[in-house]
Amino acid sequence: MDSRVKVSDPEKLTLLYERFRDVCLVEKEVWKEIFMPREITAGPVRTNVQDRYDVEIDDPAIEDTLDANIPMGSAALGAAIQEYRAHISFVRKV
């Protein structure tokens, strides 16, 4: 059975918010799932293995706002994500 871990590390969250912005810009819609390379501290690294994160937005109005900012580009979407980051969380499946 999969377990879920909510990400709380500030450095990791910064990377996840950036990845979320980039994925939304490429896909032209708010995505509920993103992938990030695994954090490997030692040994060989398999570059094709990634961690999966579920994106949870706790307010549909905020999701609509983020969606509306996508066509305005990276700076506008990044500012909206920054503004509403308290409502956006990432949960990693373990």
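Can you give the extra length, in nm with one decimal, that the chain gains between Ser3 and Glu56 once fully stretched, where that is 0.36 nm per residue apart less the Cα-Cα distance?
Residue separation times 0.36 nm, minus the Cα-Cα distance, leaves 17.5 nm.
Largest first and to the nearest Å, give the Cα extent of the range 4-94 along each principal axis.
Taking max minus min along each principal axis of the Cα atoms, the range 4-94 gives 43, 23, 19 Å.
Can you give me the distance in nm between label points at Ser74 and Leu13, each placed 7 Å from the Cα along the Cα-to-Cβ direction?
Each label point lies 7 Å from its Cα, and together they span 2.4 nm.
Take each of the peptides 81-93, 3-15, 27-39, average the number of other beta-carbon atoms within 10 Å over its residues, and list them starting from the highest.
Going from most to least packed, we get 81-93, 27-39, 3-15.
With runs of 4+ DSSP H residues as the only contributors, calculate the mean residue ellipticity of the chain at 222 nm using -39,500 (n - 2.57) per run, divided by the residue total and rounded to the nearest 500.
Dividing the helical sum by the residues of the chain leaves -12500 deg cm²/dmol.
Relative contact order for the chain using alpha-carbon pairs under 8 Å, separation at least 6, rounded to a whole percent?
With pairs under 8 Å counted, the relative contact order is 41 percent.
FYI, it's all coordinate maths here, none of it is from the lab. Since this is a predicted model, take the numbers as computed values, not measurements. Here Cβ is always computed from backbone atoms with ideal geometry, including for glycine, and neighbour counts include all displayed protein chains.
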